[in-house]
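One structure is given here, and the rest of the page talks about it.
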Amino acid sequence: MEKFLIRGSSTKGVRGTLSCSGAKNAALPLMASSILFNSTVTLKNIPLGAKDIQTMIILLKSLGSQIKILKKKKILKITNNKKHKLLVKYKYISTMRAGVLVMGALLGKYNKCSTALSGGCSLGPRPIGYHLAGFKKLNCKYILKQGYINISANKGIKGNKYYFPKVSVTGTSNLILASIFARGATVLKNISIEPEVLDLIKFLKNGGAKIYFEGKRTIKIYGVKKLKGHSHEVIGDRIEAFSYLCAAAITRGKIKINKINPRYLRSEIKILKNIGCKIKINKTSIDLIRTNKLKPANIKTAPFPGFATDCMPMMMAVLARSNGKSKIEETIFSNRYMAAPELVRMGAKIYIKGSTATIIGENNFNGADCISSDLRSTFAIILGAIAAEGKSCISRVYHGLRGYSDLYKNLKKIGVNIKRIN
Ligand code: EPU
């Protein structure tokens, strides 16, 4: 199993320019939504290096989609000439939360499917109760049998109203997908307005879907007869962009990230500025320079446009090197501090109580052997290792490779002294 060996003391301050990949969490729902189209869908700027994308390709192929991969151009062409299989097997979905999205797409198109419950990062319980409650409102009945949800709308999907008790990203996308061809209108309230969800809405609308905002978090979807295949460019990955900004922030570095809309990171950029980073934004790029000592900060994660839970582990690593006491309150997942014990092994002072982390800034980190256990904590541990004196060996980096395209290559490019070992 691949490990990263990082010599922090030799990484003086990361420097360079990176081009942001397409967002994994936008590409995955777009790929799942291709099931709804009869003609070819072309998706550009796909982060083909991220393992989850490869898993979704295998999953869609297992259902009968034909997929052409133009690797150099980062393009996928997905064609659905024949009826899909309606069984989503556990082996294709066990490692990836976004696998659950094919449920909405298959329901939308065929009004039934049997789907294994999906896996993904262990961030605490990852229920799909809202998805199922929403499908039920749309005229579906379901039963859980041997780890599979058998779900169907025998009389067809019928528009209705559903209010999400809590904002859910994949829940929103799944219900949108199921409603596209529904009889009548569907109203979804308290939806996620994450940029990745808006990218899905844009893609579907350009294919002929009738989706209209009726308020900040309410949409109305009028069922249509079919969608027309077209071409779409996936938005830049805001979490990837933030991760590399943090690499410069933690090492007194200087970085430019291209191909990212800074509006996707408004809350996060505000915090980076508050702690003392100099940031310049352009329409599609972000520059960060850090020269001063870092100040502490208080952060509370929230659905977009709040501070993203996916950015929190990296922010925690940066704050662990600030001068003073910071507090983080994680409001989305119950188990999102998996990087903390690893950073503590390097010398960080992080104290977790329930959903709150108290961080006492500490400037002496020493390299250590660490284990990563979820996607974003992998990057947080890498940040600790870059900032530490000496050598760190990070195992189970496959968690990070699920979501970061070209992780090793990019870290090398900005000057991190890193080696891949087995
Ligand atoms: N929730 C429920 N019931 C549900 C659905 C969600 O209680 O039926 C709760 C969750 O337990 C959580 C909250 O609602 O407390 C929000 O969960 P959400 O459904 O929004 O999470 P998700 O859709 O499973 C996506 C991203 C995650 C990201 C979260 C939050 C994808 C594939 N995954 O997960 O991304 O952390 O939204 O923004 O889009 C990552 O990329 O590292 C990652 C974990």
Conditions (1) of a type in the set (Gly, Ala, Ser); (2) in a helix (DSSP H, G or I); (3) within 16 Å of the ligand (Cβ to nearest atom): number failed by Gly108: (3)
One residue from Thr79, Thr95 being at negative phi, hydroxyl-bearing (Ser, Thr, Tyr), more than 16 Å from the ligand (Cβ to nearest atom) and out of contact with any Asp or Glu (no Cβ under 7 Å at 6 or more places or on another chain): Thr79
For Lys280: the one exception among (1) over 21 Å from Phe304 (Cα atoms); (2) touching a residue at least 40 places away in the same chain (Cβ under 8 Å): (2)
Residue satisfying all of: in region 171-193; closer than 24 Å to Ala241 by Cα and surrounded by fewer than 24 Cβ atoms within 10 Å (Cβ to Cβ); nearest to the ligand (Cβ to nearest atom) among these: Ser192
Residue match in region 142-159 (condition: within 12 Å of the ligand (Cβ to nearest atom) and either within 18 Å of Tyr222 (Cβ to Cβ) or not in a strand (DSSP E or B) (or both)): no
Residue within region 368-381 that is closer than 27 Å to Lys24 by Cα, away from the ligand (no atom under 14 Å from the Cβ), touching a residue at least 24 places away in the same chain (Cβ under 8 Å) and assigned to a strand (DSSP E or B) present: yes
Where Thr95 falls short, out of the listed (1) free of Cβ contacts under 8 Å to residues at least 60 places away in the same chain; (2) part of a loop (DSSP other than H, G, I, E, B): (1)
Unique match (being in contact (Cβ under 8 Å) with a residue 40 or more places away in the chain, part of a strand (DSSP E or B) and not aromatic (Phe, Trp, Tyr)) among Leu288, Leu294: Leu288
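No lab work stands behind these numbers, since they all come straight from the coordinates. Predicted model, so just to flag it, every value in this text is computed and none were measured. All Cβ positions, glycine included, derive from the backbone under ideal geometry; neighbour counts span all protein chains shown.
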